[in-house]
Amino acid sequence: MVSISRFSHTFDLGNDVALYHSLRMKPVYLSKESFQSLQAWLASSFCSSFDEAPDSIRNEIEELGKYKILTQSKDEDDRAFHYVKSKIPQPAINVCYMITSEQCNLNCKYCFLGNNDHDKRKKFLLENMTVETADKAIDFFIRQIKESGLDYEENKPVLIFYGGEPLMNYPVLEYVANKIISLKSKERCIANIEMSMVTNGLLLNEERIKRLHELGVTIAISIDGFTEEANSMRVDINGKPVFTHILNTLDLCKRLGIDVSLSVTLSEETIKNTSDIINLVDTYGIKGFGFNIMMSSDTFVLPQSYNEAAAQFLIDEFVELRKRGIYEDRMMRKLKSFTKAQVYFSDCAATAGGQIVVAPNGQVGICHGCLHDKKYFVGSVFDDDFVAVKDPNYIEWSQLTPLNHDECMECSALGICGGGCPINAMNLKHDNTIHSIDERFCVHAKKTLEFFIEDLYRIILKSRETT
Amino acid sequence: MTRCSAILTRLPDRLWLNALANAQVVCAAVVVLALAGLFPILNGGKYKMSANASEYMELFGSVQDGVTTTARCACVACNACTCACSCRAIPDMGDVEW
């Protein structure tokens, strides 16, 4: 019997509807009249196969069948689901967060690492990474890439200098970047490596900016908007706002002709005004950045109203930014998945089984969100036998895709979600674990999918008008 | 003979030939337009149900391939370095092995 797939979802577009299979990921747009005819046919006794479809909707039936929205047998859905699950990648280390320092010169109020929390902050390592540990960390990362069996020609490993504030240990940062460059020609597995840094920017000066540029380390500066109010959560350890200082750094980079990207956390103030970010981007010629939806902590849970507003803000900004050709990571990663109709298994390199985090003392973990208590820090750069992709903890994290969550099966955004952050999921409720759902992300994924489907519909209509 | 046919038989041959030629032109035009899909009634009113490659590309706006200035981790919370990139490759519209 022909029936609608359990993975199918209907979107009301006024005069028309869109039908969409959450794993096949190709929306089919029908007139309401055709949709009603389809429903009437499916309710009739003459729908055992597509061949019995009425002539008036035969084309529509074919299209819906092609994109799995309609099925002709009971096991079709199961086969489709198992096919997609078979594509979940195996763990393969490709990303290294090099924590050159756990110390930070700021005290941002939303810090997901816990720098704003006195109890957590005192657990951060005081000592910065040494050159000896950095050497071992580089060797360790290279070995993990080799153990992962990736194609060296195609693969692009990424090394991210992180913290705390990574520039609190600039000498070692520079040392590591220099060494990586010297090794690129000798170690094929890092021939295509990219290096980047997320910094609050306060410790950048002209010399360092130029040097980092020479070394090929791309710079992402954290800033939450173009006003004092939007940046009111970015304060130093004395509680003083640092917005003006950040602008000075951006001015300097602009003057030196060095492109930087921005890391923008969506504070409640930031999302009140969409033009603020556009002004920032236009003033400094920013070509790329990423938005971050704030995360809850174990002591404070953000309201759902914030999650809704942040999700809508992302979409509204995306509409403006794409006109300017500006890449914004949060939306673009989902757009790629949607346009290629490829399931996006993980929104995080940790849940893709793809990253290692090296603490300043050489401890190796899975997620930098656990730096304060070193939970899931299960290895060490001094352990020559440790293989991340064979470690049970890494394997457990690598399976945290929504495809493995029963609660996610009925979600329209199953194919583009990626699952969000397990640490945030853990913090949402007392008994939650890393296997729980990051509900903050559900809103973002669903709203984004709805937007893509509606926007594609708008584009199709416009295209019809001109033909 | 009916009044109508009486009138018709009185039309000059020149007019008949013109009318016939015009009718042929009109018929040819209808066939061509129908084949070109521009005459909705004749092609069954086919609704454009799915987007094509260029329509998908329009979702990207003016964003270009491989923005190299973007740090791969422009993100405080999490990143998807292994899973995302800034490319705007045209979606593969070929058969998917399903």
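The values are calculated or read from the model by the stated rules, or taken from the named source; none is laboratory data. All values reported here derive from a predicted model rather than from experimental measurement. Note: ideal-geometry Cβ built from the backbone for every residue, glycine included; neighbour counts use all protein chains shown. The protein model used for the area step is the full one, side chains on, heavy atoms only, and it has no ligands, DNA or RNA in it. Shrake-Rupley method; radii C 1.70, N 1.55, O 1.52, S 1.80 Å.
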Fully extended contour minus Cα-Cα distance, from residue A:152 to residue A:184, at 0.36 nm per residue: 10.4 nm
Within-11-Å neighbourhood charge of residue A:134 [Cβ basis; K, R +1; D, E -1]: -2
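Using 0.36 nm per residue of separation minus the Cα-Cα distance, give me the extension gain between residue A:59 and residue A:464 in nm, one decimal.
Taking 0.36 nm per residue and subtracting the Cα distance, the gain is 144.0 nm.
State whether the range A:365-444 is rounded, prolate or oblate according to the following rule on the C-alpha gyration tensor (a ≥ b ≥ c being the square roots of its eigenvalues): a/c under 1.5 gives rounded; otherwise a/b larger than b/c gives prolate, and the remaining case gives oblate. Mind showing how you got there, number by number?
Details: a/c = 2.80, a/b = 1.78, b/c = 1.58.
The shape class here is prolate.
What length, rounded to one decimal in nm, is gained on full extension from residue A:88 through to residue A:139, with 0.36 nm per residue of separation minus their alpha-carbon distance?
Here the segment from residue A:88 to residue A:139 would lengthen by 15.6 nm.
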Given the range A:213-323, what whole percent of its Cα pairs are spread farther than 21 Å? 39
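As an exercise, use a Förster radius of 60 Å and the Cβ-Cβ distance of residue A:74 and residue A:384 to find the FRET efficiency, rounded to the nearest 0.05.
Given R0 = 60 Å and the Cβ-Cβ separation, E is 0.70.
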Cα pair distances of the range A:277-390 binned at 10 Å [whole percent]: 11, 29, 30, 24, 6, 0
Got a sec to turn the phi values of the range A:86-102 into Karplus ³J(HN,Hα) couplings, 6.51 cos²θ - 1.76 cosθ + 1.60 with θ = phi - 60°, whole Hz, x for Gly and Pro? 5, 8, 4, x, 6, x, 7, 6, 9, 10, 10, 8, 9, 8, 6, 7, 8
Along Cα→Cβ, 7 Å out, is where each label goes; now give me the distance between the ones at residue A:31 and residue A:245 in nm to one decimal. 6.4
Filter the trypsin sites (Lys or Arg not before Pro) in the range A:368-467 down to the DSSP loop ones having no more than 10 other Cβ atoms within 10 Å, then list what survives. none
Summed buried accessible surface, chains B and A, 1.4 Å probe, nearest 100 Å²: 5200
Phi to ³J(HN,Hα) by Karplus 6.51 cos²θ - 1.76 cosθ + 1.60 over the range A:447-459, Hz, x for Gly, Pro: 4, 5, 4, 4, 4, 4, 5, 5, 5, 5, 4, 4, 5
Search the structure for amide H atoms under 5 Å from the amide H of residue A:261, placed 1.01 Å from N in the peptide plane, and list their residues when 5 or more places away or on another chain. A:219, A:220, A:221, B:71
With a cap of 13 neighbouring Cβ atoms within 10 Å, and only residues DSSP puts in a loop, list the GluC sites (Glu not before Pro) found in the range A:91-196. A:127, A:153, A:154
With a cut-off of 8 Å between alpha carbons and a minimum separation of six or more residues, what is the relative contact order of chain A in percent? 17
How many Å³ per residue does the convex hull of the Cα positions in chain A occupy? 165
As I understand it, the value is the acute angle between the Cα axis of helix A:274-284 and the longest principal axis of the Cα atoms of chain A; what does it come to in degrees, rounded to 10? 50
Structure shown: which of A:240/A:272; A:85/A:156; A:136/A:156; A:26/A:429; A:85/A:374 lie over 26 Å apart, alpha-carbon to alpha-carbon? A:26/A:429; A:85/A:374
